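Visitor: Provided herewith is a single structure, encoded as structure tokens, for subsequent inquiry.
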Ligand SMILES: [Mg+2]
């Protein structure tokens, strides 16, 4: 099973009705798919959430020529080779994410060749059900938050994640409203999207305890481990971070410092299934839990779900419920959440089939010419940047 070609598809979707979130007004979505084709006619799929042009450079201009002809089953060897090749400009950011897209596709291929789902390759004890939570509740009016939160529960979720970071008054009212809307038996996570400082987080800690936040996510910027450490002992809900972290070397700092309770690697950013698995193992040894971040696309969501299902300390996977077509429509059979869990497919590999008609419809002709817009995490053009 030798690598014959690596194909990228950079997808762009534009909303008819943009919506407001912590980073401004979201006008569209971006994600990159990576297809690894082998000489025996198989194709593995992975995904990357980064600057599409940088992903194209790393995957097509540097890595593909060196990967062609190599054994696709040698995932560890190829990962080390890719990491070594990109180390001088990589380690964190786009290069690491691009490696991850190829790595996830190699896991899909390994599963297809072995006739086993990826989670069973990772662990014989992997579960078939993966808990999933509804992610949304973005800075809305309180009444709209209540309606949305109740809607997630009615749709089959048992956990919801909301965003705070506007003001003490809004944040407290919003948290109480969401708790009331979902009732006492369901869980709520609270994400401060890097907008707090230590004083604010300590002030809000009693409210987080009062609403029984399941976890409190990313209160501070990912470079600011000291603020996370300063919050320890001043909050009695679990603190999480990791969507903006890359690689074992990045997560090692958080885990060794015991700066958080839950780590949130994302296969499409942190270095693929291999690296998310290694981060998960490191967290397990340290007694920490793992709840991968997902925001970009359904390939990523399912890959993250396989990691959660295989890790004894895996908690749950994130489902973007803001109306993201790359989550809702990218797969021929979109995952269904019932009573708070996704039943993962027993089909080999990731067990998914991508809707290639949608891929062709959304494929950008040139990943180096991205139309101005705010794509949830990336802004292009002055009009779309909110500092
Ligand atoms: Mg977050």
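Read-outs: derived from the displayed coordinates by stated rules, not from any lab. Only a predicted model underlies this, so the values are computations on that prediction, with no experimental measurement involved. Here the Cβ positions follow ideal geometry from the backbone for every residue, glycine too, while neighbour counts run over all protein chains shown.
Visitor: Roughly speaking, what is the stretch gain from residue 199 to residue 88, that is 0.36 nm per residue apart minus the C-alpha to C-alpha distance, in nm to one decimal? Mind showing how you got there, number by number?
Guide: Details: separation 111, 0.36 × 111 = 39.96 nm, distance 3.78 nm.
Additional length available on full extension: 36.2 nm.
Visitor: Quick check on the exposure proxy: order 293, 37, 306 from fewest to most C-beta atoms within 10 angstrom.
Guide: Working: 293 28, 37 18, 306 33.
With the sparsest Cβ surroundings first, the list reads 37, 293, 306.
Visitor: Can you give the relative contact order of the chain as a percent, counting alpha carbon pairs under 8 Å and 6+ residues apart?
Guide: Values: 865 pairs, mean separation 83.4, N = 387.
Relative CO of the chain lands at 22 percent.
Visitor: Return one number: the angle in degrees, 0 to 90 and rounded to the nearest 10, between the long axis of the Cα atoms of helix 198-210 and the longest principal axis of the Cα atoms of the chain.
Guide: 80 degrees
Visitor: Once label points are set 7 Å from the Cα along Cα→Cβ at both residue 25 and residue 81, what is their separation, rounded to one decimal in nm?
Guide: A separation of 4.8 nm, rounded to one decimal place.
Visitor: Note the full-extension length gain between residue 142 and residue 383 as 0.36 nm times their separation in residues minus their Cα-Cα distance, in nm to one decimal.
Guide: Numbers: separation 241, 0.36 × 241 = 86.76 nm, distance 2.79 nm.
This chain segment gains 84.0 nm when fully extended.
Visitor: Also, quick follow-up: Taking springs between alpha-carbon atoms closer than 10 angstrom, which of 312, 219, 371 fluctuates most in the Gaussian network model of the chain?
Guide: Among 312, 219, 371, the largest GNM mean-square fluctuation belongs to 371.
Visitor: Further question: What span do the alpha-carbon atoms of the range 119-343 cover on each of the three principal axes, reported in whole Å from largest to smallest?
Guide: Computed over the range 119-343, the largest-to-smallest principal extents equal 47, 39, 27 Å.
Visitor: May I pose another question? Relative contact order of the range 257-387, please, whole-number percent, based on alpha carbon pairs below 8 angstrom and at least 6 residues apart.
Guide: Values: 162 pairs, mean separation 21.8, N = 131.
Worked out over the range 257-387, it gives 17 percent.
Visitor: Once each part is reduced to its C-alpha centroid, what is the distance from the range 250-297 to the range 69-137 in angstrom?
Guide: One Cα centre to the other: 14 Å.
Visitor: Can you give the FRET efficiency to the nearest 0.05 for residue 346 and residue 73, using r as the Cβ-Cβ distance and R₀ = 30 Å?
Guide: Working: r = 21 Å, r/R0 = 0.71.
Efficiency for this residue pair is about 0.90.
Visitor: Based on the Cβ-Cβ distance from residue 167 to residue 61, what FRET efficiency comes out when R0 is 45 Å, to the nearest 0.05?
Guide: On the way: r = 46 Å, r/R0 = 1.02.
It comes to 0.45.
Visitor: On to the next question. Averaging sequence separations of C-alpha pairs under 8 Å and six or more residues apart, then dividing by the length of the range 119-343, give the relative contact order as a whole percent. Mind dumping the intermediate values first?
Guide: Numbers: 449 pairs, mean separation 52.0, N = 225.
About 23 percent, as a whole number.
Visitor: Okay, next question. Given R₀ = 41 Å, FRET efficiency for residue 7-residue 124 by Cβ-Cβ distance, to 0.05?
Guide: Working: r = 32 Å, r/R0 = 0.79.
Step by step, r from the Cβ atoms, then E = 0.80.
Visitor: Can you give me the orientation-averaged projected area of the convex hull built on the Cα atoms of the chain, in nm²?
Guide: Working: hull surface 70.4 nm².
Seen from a random direction, the Cα hull of the chain projects 17.6 nm² on average.
Visitor: OK, next. Taking Cα atoms, how many degrees apart are the long axis of helix 298-310 and the longest axis of the chain, rounded to 10 and kept between 0 and 90?
Guide: With both axes taken from Cα atoms, the answer is about 80 degrees.
Visitor: Can you give me the distance in nm between label points at residue 185 and residue 14, each placed 7 Å from the Cα along the Cα-to-Cβ direction?
Guide: 4.6 nm
Visitor: For the residues 33, 116, what sequence is obtained by ranking on other C-beta atoms within 10 Å, fewest first? Write down the numbers at each step before the final one.
Guide: Working: 33 26, 116 19.
Result, fewest neighbours first: 116, 33.
Visitor: Using only Cα atoms, tell me the angle between helix 247-257 and the longest principal axis of the chain; keep it within 0 to 90° and round to the nearest 10.
Guide: On a 0 to 90 degree scale, this one is about 30.
Visitor: Determine, for 270, 130, 26, the number of other Cβ atoms within 10 Å of each Cβ, and report the residues in order from fewest to most.
Guide: Values: 270 31, 130 26, 26 23.
The fewest-first ordering by Cβ neighbours comes to 26, 130, 270.
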